[in-house]
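To start, the structure under review is shown below, and the notes come after it.
The values are calculated or read from the model by the stated rules, or taken from the named source; none is laboratory data. Model, not experiment: these values are computed from the prediction. Reconstructed Cβ throughout: ideal geometry from the backbone, glycine too, with neighbour counts over all protein chains shown.
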Amino acid sequence: MSDGQTNCVKTTCPYCGVGCGVKADAGAKPSGGTTVEVSGDKEHGSNYGLLCSKGSALGETTDLEGRLLQPQVGDKTVDWDSALDVAAKGFKRALDKYGPDRVAFYVSGQLLTEDYYVANKLMKGYIGGANIDTNSRLCMSSAVAGHKRAFGNDIVTGCYEDLEEADLVVLVGSNTAWCHPIVFQRIIRSRKDNPNKKIVTLDPRRTPTAEQSDLHIPLKPGTDVLLFNGLLAYLHQNDKLDAAYISDFTENFDSALNAALSEASDLEAVAAECDVSADDLRQLYEWFADNPKTVTVFSQGVNQSTQGTDKVNSIINCHLGTGRVGKPGASPFSITGQPNAMGGREVGGLANMLAAHMGFDNPQHPKLVQEFWNSPKVAKQPGFKAVEMFDAINDGYIKAVWVMATNPAVSLPNADLVNAALEKCEFVVVSDCMANTDTTRYADVLLPATGWGEKDGTVTNSERRISRQRSFLPKAGDAKPDWWIICEVAKRMGYASGFPYRHQAEIFNEHAALSGYRNAGQRDFDISDLVGISVDEYDGLEPFQWPRVAEVKTTPRMLGDGRFYTPSGKAQFVAVNTEKPAHAVCDEYPLVLNSGRIRDHWHTMTRTGKSPKLSSHLPEPCIQINPAAAAARGIQEDEFVQISSKWGTAAGRARVTKVMRPSEVFMPIHWSETYSANGGVGSVVSPEVDPVSGEPEFKHTPVQLKGMGMGWYGFILSRQPATQYAKKIGERGTDAWVKVKGSQFWRYEFAGSDAIENVEQWARAGFGLGMPEAAASSDELGISIALDDADWIDYRDPSAGVYRAAWIVEDRIEACVFISPTPDLPARSWLASVFAKEELGEQDRQALLLGEAPDPSADVGPIVCSCFGVGKNVIKRAIAEQGCKSAADIGGCLKAGTNCGSCVPELEAILAED
Ligand code: SF4
């Protein structure tokens, strides 16, 4: 559907659970290929035209580089018929021989709802098992479990407007500024209109979100339940509970209050145990007590824990106790990680759920689903959740697995075991849009799926808003939609009657019909108003918030009337007490590893890694360390460091920063072996899970930390992929390597412990060059001019361990190499400007050999604003020379921070430095 005025197609961002509306315009490049311009959709109710840095850079990720274009069986490219036959036979063979519990699907919040629907139908209604689980298990299954315990069903009760309307927004375990940037922008903008509004962040790290909050409470990891039990106790002790609401609409209050009082009746003691200031804690409690319009937002910092479900319920208890559920500006609010985590929940993409929010806990539901599908079988009990599933594969119990649109070899905890499991599994099918992920290498059958811009269907965001994701690009190569691939495999397994769809709109219709089937208001998820929707109507479907029934076309809030989906119709308080994380720190592993996202990358970088813009902000895997912890280990900024746990190791660049508490380190989740060696934090993360939700404990793994003692550091920038170096990426055991996409080059960062014997030979070999037959004599700078291969200029100082070289072809730089005994190497941002030049002058050549920008202004510094490519040095100059005193002033001078606003906290931090 175009917007009616241009060729723009209205679609939805494929990254986070905010679910921003995007307008995309594809055009032909003069040089061949396609350009894609994106902008925010001003009419979309989730973002009203705003896009963050990731959304704004979507156009950089839609090319064919790295795409999987044809089906493959083993090493052979084959046609679709052959690949589908092999996939279907492999699953049928395992099913016939071992039974329905011995095969599995591992799916993804990247799938569209229609894809998810047929995958779930195939597994639960035709294969007859329930071993289908989704990577959404890793980010929000604790919220699902908490909602079900409290409300009787998996309901996010509020909407984004509530965040604007609230007088108090409490952000718990959520770096919203980076992970859900547009939601954060909406909160920050609303504070400008409401001077009384307060934002509080509860997070062990001083994140960019915390920086912009009115109050940051850096609680000790694992003390969330205690802190919220303390709040419930405080509300009780200060007569701030809503007794009428508790009495009319809830049950089990006394046991929840007693549990809270048993461990958290003394505010000072709670503050001490949480390791926070008692005054700050009292301030939070007072604000919560005094502001009826309070929204508590929670995310992975709450969910990803062995006590994640209890943490969720400790938050919901406080909202039930004050009657703040589903009311304007007053709700608990779970924000999801993925673009369609919510859609997956709606169709039963979790192993413990059935379609349309039905579950195994109601014996009528499996029968009802089977009856509606008219399927030969139906799963009667939950299947393996994500971590259990890969354990079962590793144990040899699961004999065939189909991984769809996700990269578990990187993203699951205890990733080394997951890799071993996939390696030994008898039959592995992977459907993906990318050819070379850490997971595709294990595939017996690789099936090319359409990517964003090609696929077409619906997604649901964190506020229950269902939006269309529309296609505006031709399908890449032979890629096919996921729903089509799943249906074709189903037909070949003998289930043709259940999968007759010709268009995704037919699947959506069936999904809508099931949601209303024998519902009569008994189940929350109901979009039966859309039954019978035509293909044209589906194409034009405007975003709406479910439920959608005949008389109600969109529902921004739920449960505000006090009617819940429990057997009694009343909300349930849940008595919770603090449990320690599964593994405590000890002498061998004295630090707590926290893991999470950074601003400009998404998941395992299979798409954002293609964007130079997004790769410029934080280009390498890093480990954030408090200065005291670094000093105790003799670790300096920028050196390579290693963390180790009971499960594995990972390496990254040391970032010594006070944002960390002394006893904790943080490592981003994004790097895989495709982009780094040993940069994947998943190898280190504990596989312990929450006993209720099955969500892993990504935020609390005991680790040890050490410097890697590298003897030398270096980097290469090269217009062409430097294959000799590139192949090192992904070699396990290689010291430390990372590759980064630049605007006109690939960048390779590395370090080694063993000296390089012949550094020139080593450097030239990386580009496939031999040594020159003869070299001109060196001048006093140590320059040697190679006589072959165009110009190879270099400077070497063997006694200092320094080597610099540049390969210049027809006066344009082709590549450069810098080696030093310390991490103190030339600014990559300056060299990026050298690659932009069509012709190098003598001054440039001298500067390359000196390893210094000829003019300080040529070095923009590390990129802070990736939307406009503004570096830190430029910002500092604007502060010094143009008198910028605020982020708004900097925006006025340089545009930095004026698009998505994600860099505003960093602008403020730079202002504070000066
Ligand atoms: Fe996409 Fe950013 Fe919006 Fe998330 S906040 S949906 S990543 S544009």
Does at least one position in segment 651-660 carry a residue that is among the charged types (D, E, K, R), out of contact with any Asp or Glu (no Cβ under 8 Å at 6 or more places or on another chain) and part of a loop (DSSP other than H, G, I, E, B)?
yes
Hey, does segment 838-849 have a residue that's in contact with an Asp or Glu (Cβ under 7 Å, 6 or more places away or on another chain), modelled with pLDDT of 90 or more and loosely packed, with under 14 Cβ neighbours inside 10 Å?
yes
Being under 19 Å from T336 (Cα atoms) and modelled with pLDDT of 95 or more narrows it down to one residue among T77, T12; which is it?
T12
Please name all residue pairs, on different chains or six or more residues apart, with Cβ atoms under 7 Å, provided the first residue is in segment 7-32 and is farther than 18 Å from Q545 by Cα and within 9 Å of the ligand (Cβ to nearest atom) and the second residue is among the basic types (K, R) and not in a loop (DSSP other than H, G, I, E, B).
Y15/K54
Within segment 436-483, can you find the residues that are within 21 Å of E510 (Cα to Cα) and aromatic (F, W, Y)?
W483
In this structure, does D478 turn out to be modelled with pLDDT of 95 or more, within 30 Å of P687 (Cβ to Cβ) and among the acidic types (D, E)?
no
Just one of the numbered conditions (1) outside any helix (DSSP H, G or I); (2) over 24 Å from P687 (Cβ atoms) is not true of A150; which one?
(1)
Would you say Q704 is surrounded by fewer than 22 Cβ atoms within 10 Å (Cβ to Cβ), touching a helix residue (DSSP H, G or I) at 6+ places or on another chain (Cβ under 7 Å) and modelled with pLDDT of 90 or more?
no
Checking V86 against (1) free of Cβ contacts under 8 Å to residues at least 40 places away in the same chain; (2) away from the ligand (no atom under 16 Å from the Cβ), which test does it fail?
(1)
Those residues of segment 439-454 which are over 20 Å from V86 (Cβ atoms) and either free of Cβ contacts under 8 Å to residues at least 60 places away in the same chain or assigned to a strand (DSSP E or B) (or both), in sequence order
T450, E454
Across segment 432-457, which residue is nearest to the ligand (Cβ to nearest atom) among those that are buried (at least 24 other Cβ atoms within 10 Å of the Cβ) and under 30 Å from G158 (Cα atoms)?
W452
Of all residues in segment 40-61, which are under 30 Å from A435 (Cβ atoms) and within 11 Å of the ligand (Cβ to nearest atom)?
L51, C52, S53, K54, G55, S56, A57, L58
Name the helices (runs of 4 or more DSSP H) wholly inside segment 274-347 in which the number of residues that are more than 16 Å from the ligand (Cβ to nearest atom), in contact with a strand residue (DSSP E or B) (Cβ under 8 Å, 6 or more places away or on another chain) and over 16 Å from R464 (Cα atoms) is 1 or more.
278-290, 300-303, 308-321
State whether the residues of segment 62-81 include one that is buried (at least 19 other Cβ atoms within 10 Å of the Cβ) and within 16 Å of the ligand (Cβ to nearest atom).
yes
